[in-house]
There are 2 protein chains.
Amino acid sequence: MKVGYIGLGAMGRAMAANLLRAGHEVAVWARRPEAMQPLLALGARATGSPAECAADVDVICTIVTTGDDVRQVVLGPRGVIEGARAGSVVIDHSTIPPSVARDIASALAGCGVHMLDAPVSGGERGAIDATLSIMAGGDADVFARMKPLLSAVGRTLVHVGPIGAGQVTKACNQLILCAFIEAAAEAARLASASGVDFAKVREAMLHGSAASRALDLFGGKMALRDFTAGVQSRLHHKDMGIVMGEAVGMGLAMPLSAAVWQQLNALIGQGGGMQDTSALLTVLERQSRPT
Amino acid sequence: MKVGYIGLGAMGRAMAANLLRAGHEVAVWARRPEAMQPLLALGARATGSPAECAADVDVICTIVTTGDDVRQVVLGPRGVIEGARAGSVVIDHSTIPPSVARDIASALAGCGVHMLDAPVSGGERGAIDATLSIMAGGDADVFARMKPLLSAVGRTLVHVGPIGAGQVTKACNQLILCAFIEAAAEAARLASASGVDFAKVREAMLHGSAASRALDLFGGKMALRDFTAGVQSRLHHKDMGIVMGEAVGMGLAMPLSAAVWQQLNALIGQGGGMQDTSALLTVLERQSRPT
C-alpha cells in the first residue's frame, strides 16, 4: 500500500521502518525535518507538511504525543484533512483521550476519510521487533482492510469496538500498568523497611499470583535502583491524566487510579519526569525516609 | 520424614495429602475433628491436640487463618510447644504479620525448636497440584534441610531471609495482587461506562504491557460477572490489614495499598466477604451507578 507516516519519534521511526521493510511505499513527515533522515535512507519519500504527506496515499498513520498534537497534524493548517483523498484511512497510533479520537474521526468523516484509533502497547522494543499489541476502534470493515498493514508493525491486533474503543482500551491498559508499578514500589519500600532484600522478594513473587511482565521489568529496575527510562514517567503521567479525565467526565469513582496519579504528580514535582516510572519508589522514600 | 499437620482447610488438606503421597508419615490435627477424615483415609494418624500432633515427629506444619490462630495452636494450652521435641522444626504456612512470626519463633527457640515462616501463593489449585510458591524466612540451614519436604507441596521454593522474611514477602505479594484486582476493576468500570465490552478490552490487554495471570483470572471473572470465590475477599481483606499494620508500625506511606484496603472494607461492608475479590467491581458500581 501507499502510506503516509506522520510522527517519527522512537515509536514512529521503528514502525515506519517496518512498513518499508514489508514492501509498502512510505511518505514521511515530522515536525523536526532531521527526524526523517533515517527513513529516507530506507527508501521513504520526504514531504513538507501533513497535507502533502497525506496526498496520493491509501493510508495515513499518525503517532504523536498528545490529543492536541493529533488535532494539529490532522485538522490544523496544512493538516492531513487538507490533503487526504476520500476513501483513504487515517490510523492514529497515539495515546489520546477517547473523546478527542471521536471528534477527529467525525471531522474526517465529513470529508469521506475513515479513521481507526489504534494505540499500541509494547514500547520501543516492541516497535523495533514488530511485536506491538494494537488495540483498535473504528469500523470493522476498515479494520479488516487495514489488518495486513497493521500486521507489519504489530503481533496482536484486536478490534475492540467503535471509534474511541482503542483509546478506552489503552487507558485501561495504562491504569493497570501504572497501578502495578506503584504497587511494586510500595512492596519494595515495605521490604527494605523490614530489612528484607527486595531482589529476593521479587524473585519469589515472579513465580506466584502477583507475577507479571511488569513486575519482572519495573521491579527489576527498583531492585537495582536503576531509574533510567525505559518509559519516561512524564508519559505515564500524561496517560493517567487521560484516565482521570474520563473518570471526571463520566463521574466514575476510581480511587486507585487517583492515588497513582497523585504519586506520579509527586514524581514530576520532584523533577523525575524524565526518569523511568520505577522511580515512584523514590517518592515513597521521600514520604517516609528510608530507615 | 515424620510430620505433624495442623490446620486442614482447603489448603492444608491438599498439602497434607501431597505429603502422604510423597511417602511421609503424617499425623493430623484440626479444630473440627471431621476435617481429619479425608486424610485418615489416605493413611494419616489422628491426634487429639496440637501438642499430641507435635510429639514424636521431626516437623510440624501449621496452616491456619490469623496470627492469633497460629499463636493459639503453637503457644496456647495443649499447643505445639508442649509436645514438640528439641531439634524439631515448625513450618508455618499461614499468612500472618511478620512480627507475630518473629514472636512465635522466639518462644519456640527457647525450647530448642526451630521455625520457618513459609507462607504460600497459588491457591487451592496450586495446593492440589503441588505447584505452590513457597516464600520462606528463617535459618538457611533449616531451610535447606526442609527443602525435600517442601518440594512435595510446592514447585518454587525461595529462602528470602531471616525469620519473618517469608511473611514480608507474602505481604508484598498480596498488596500487589490486591492492587492489581482493584486496578482491573477500575478498568472494567471505565470500559463499560464508555460503552466498550470489557471482555474484548481484557483480550487485547492480555498481550500487552499490563498482562498478568491475575488479569486473566480476575479480569475474566469480572467480564463474566461471576463473583463466586475463588479467593474469598475476606481473606484478601485480612491480608491487606497485615500490610497496613506494617505500614502503620513503621510509618510508611502506602497510598495505593490504603486505597485498596478501603475498597475491600467497602466490599466487606456491603456483605461481599464471601464473594471473590473480583467483586470489587461492584463496589465501584455502587460508588457511581452503572450508566
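The values are calculated or read from the model by the stated rules, or taken from the named source; none is laboratory data. In this text the structure is predicted, and so the values were computed from the model without any measurement. FYI the Cβ positions are ideal-geometry reconstructions off the backbone, even for glycines, and counts take in every protein chain you see.
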Output the qualifying pairs, or none if there are none: Cβ atoms under 6 angstrom, residues six or more apart or on different chains, first residue in segment B:160-178 and within 12 Å of A:Gly208 (Cα to Cα), second residue of a type in the set (Ser, Thr, Tyr) and in a strand (DSSP E or B).
-> B:Asn173/B:Ser121
Residue count, segment A:255-272 (criterion: within 11 Å of chain B (Cβ to nearest Cβ) and farther than 14 Å from A:Leu284 by Cα) = 4
Do the conditions hold for B:Ser278, that is, is it under 27 Å from A:Ala188 (Cα atoms), more than 11 Å from chain A (Cβ to nearest Cβ) and surrounded by 20 or more Cβ atoms within 10 Å (Cβ to Cβ)?
-> yes
The residue that is farthest from the chain's Cα centre (by Cα), considering only those in segment B:236-291 that are acidic (Asp, Glu) and assigned to a helix (DSSP H, G or I), is B:Glu285
By my count, helices (runs of 4 or more DSSP H) wholly in segment A:18-85 with at least 1 residues that are more than 24 Å from the chain's Cα centre (by Cα) and surrounded by 15 or more Cβ atoms within 10 Å (Cβ to Cβ) are A:50-54, A:80-83
Filter result for A:Ala191 (without any contact (Cβ under 8 Å) to a residue 60 or more places away in the chain, farther than 30 Å from B:Gly249 by Cβ and outside any loop (DSSP other than H, G, I, E, B)) | no
Inspect segment A:114-132 for any residue being surrounded by fewer than 24 Cβ atoms within 10 Å (Cβ to Cβ) and without any contact (Cβ under 8 Å) to a residue 12 or more places away in the chain and give the result as yes or no.
-> yes
Single unsatisfied condition, B:Met205 versus (1) touching a strand residue (DSSP E or B) at 6+ places or on another chain (Cβ under 6 Å); (2) facing chain A (nearest Cβ under 7 Å); (3) among the aliphatic types (A, V, I, L, M) = (1)
Which of the residues spanning segment B:86-107 are touching a Leu at 6+ places or on another chain (Cβ under 8 Å) and assigned to a helix (DSSP H, G or I)?
-> B:Ile104, B:Ala107
If you scan segment B:215-231, which residues turn out to be more than 11 Å from chain A (Cβ to nearest Cβ) and modelled with pLDDT under 95?
-> B:Ala229, B:Gly230
Determine whether segment A:177-194 contains at least one residue that is at pLDDT 95 or above, over 25 Å from A:Gln270 (Cβ atoms) and either within 11 Å of chain B (Cβ to nearest Cβ) or surrounded by 23 or more Cβ atoms within 10 Å (Cβ to Cβ) (or both).
-> no
Just need a number here: residues in segment A:122-155 that are outside any helix (DSSP H, G or I), more than 19 Å from A:Ile96 (Cβ to Cβ) and touching a helix residue (DSSP H, G or I) at 6+ places or on another chain (Cβ under 7 Å).
-> 2
Pair list, Cβ < 8 Å and 6+ apart or interchain, from segment B:240-254 residues that are facing chain A (nearest Cβ under 10 Å) and free of Cβ contacts under 8 Å to residues at least 24 places away in the same chain to residues that are crowded, with 23+ Cβ neighbours inside 10 Å and part of a loop (DSSP other than H, G, I, E, B) = B:Ala247/B:Met254; B:Met250/A:Ser194
Tell me, which residue of segment B:253-275 that is small (Gly, Ala, Ser) and at negative phi is surrounded by the fewest Cβ atoms within 10 Å (Cβ to Cβ)?
-> B:Gly269
By residue number, the members of segment A:224-235 that are in a helix (DSSP H, G or I) and either of a type in the set (Ser, Thr, Tyr) or under 19 Å from the mean Cα position of the chain (by Cα) (or both) are A:Ser233, A:Arg234, A:Leu235
Which listed residue, of A:Val160, A:Val153, A:Val168, is under 19 Å from the mean Cα position of the chain (by Cα), buried (at least 24 other Cβ atoms within 10 Å of the Cβ), more than 8 Å from chain B (Cβ to nearest Cβ) and modelled with pLDDT of 95 or more | A:Val153
In segment B:160-178, residues that are closer than 26 Å to A:Gly123 by Cβ and in contact with a Ser or Thr (Cβ under 7 Å, 6 or more places away or on another chain) total 3
